[in-house]
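Just below is one structure, and these are the notes that go with it.
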Amino acid sequence: MENILELRQVSKSFPGSSFRLEDISFSLPYGAVLGFVGENGAGKTSTIGCILNTIAQYDGSIKLFGKEMRDSDTDIRERIGVVYDGDNFPSYLSANQVSEIMAGIYRNWDKTLFRHYLEKFKLAPTQKIKQYSRGMTMKLAIAAALSHHPQLLVLDEATSGLDPIMRDEMLDVFLDFVQDERHSILLSSHITSDLEKIADYITFIHNGRLIFSALKDDLRYNYAVMRCSENQFQALNQEDMMAYLKRDYQVDVLLSDGKAAQRKYKDAVIDHVSIEEIMLLLIKGERI
């Protein structure tokens, strides 16, 4: 089965800005969750805009369900649920009014399923959205995104306004969604601990460029960080390093193969590395 989403060398310039997306390539298989990471301004939302065709005239190709989406492809849009970081619906509406509007947009809008999510998320159907908390508005947007039976969820910082308990609840909802192998999720998030829980793949961009796209388990089990003194650092082979960051009394070195480095440098202190520390070392450190 082909990928649910494929980007090939996507590039895009923006008038009046020096920022540019440059040759962004990655793919999302069916039945998987891809964590899309990068600092503010890295280009995550711009890339999502290209995927959803809200940003047009880019170079390269993007395929959804094996097909490039055009403005007239409403059948493809029907199969995508989207949650943005911010206001997804006007604040003067109630959840019931959102349901009526969505029923006029999506052929497969499921009022019963939407009511189920309102109950599950403890959202009052007649209360105005302006009276919701930040977390409640995000939960409403997630409920709406799920209630027209999409195959692909595109979530741009969808858990950012939720407290840890609410986030854990949402992650369970997302995991239930991808139990159907026809479903996938693209999840942009600054909360890397969430991605470590549910993502199958991690795609990392910085300054509009792709740094890597890899299986999360490869990052967790193969990547590592060596904590060494300046003398130990000077003795390292550059071929073993991806990046390094000099601190006051030690040098942290990012390794793509921690086990091989442990065999080679037997006295070195080598630790497992989190996604957040990988990002930190690749952004703030010196890349080899």
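Here are the numbers:
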{"read-out": "Estimated dipole of segment 5-218 in Debye, rounded to 20 [Cβ of Lys and Arg +1, of Asp and Glu -1, Cα centre]", "value": "580"}
{"read-out": "Taking segment 61-168 and dividing mean pair separation by its residue count, relative contact order in percent (alpha carbons under 8 Å, at least six apart)", "value": "38"}
{"read-out": "Global form of segment 99-199, assessed from the alpha-carbon gyration tensor, a/c cut-off 1.5", "value": "oblate"}
{"read-out": "Mean separation of Cα contacts under 8 Å, 6 or more apart, over the residue count of the chain: relative contact order %", "value": "21"}
{"read-out": "Aspartates and glutamates whose Cα lies under 13 Å from that of Lys122, excluding same-chain neighbours fewer than 8 positions away", "value": "Glu169"}
{"read-out": "Of (i) 28, 22, 19; (ii) 39, 21, 17; (iii) 29, 24, 15, the label for semi-axes √(5λ) of the Cα gyration tensor in Å derived from the coordinates", "value": "(ii)"}
{"read-out": "Highest to lowest packing among 216-224, 135-143, scored as the average C-beta count within 10 Å", "value": "135-143, 216-224"}
{"read-out": "Structure-based [θ]222 nm, the chain - -39500 (n - 2.57) summed over DSSP H runs of at least 4, per residue, nearest 500", "value": "-9500 deg cm²/dmol"}
{"read-out": "Candidate lysines for bridging to Lys266, where Cα separation is under 26 Å - those fewer than 8 sequence places away on the same chain excluded", "value": "Lys246"}
{"read-out": "Rg/Rh ratio calculated on Cα atoms of segment 223-287 (Kirkwood radius)", "value": "0.91"}
{"read-out": "Whichever lysines have a C-alpha closer than 24 Å to that of Lys120, once near sequence neighbours (fewer than 8 apart) are set aside", "value": "Lys111, Lys128, Lys130, Lys139, Lys197"}
{"read-out": "Distance from segment 114-181 to segment 212-288 (C-alpha centre basis), Å", "value": "37"}
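Since every read-out is calculated from the coordinates, none of them should be taken as a lab result. In this text, all values refer to a predicted model and were calculated from it rather than measured experimentally. Because the Cβ atoms are built from the backbone with ideal geometry, glycine has one as well, and the counts that use them run over all protein chains shown.
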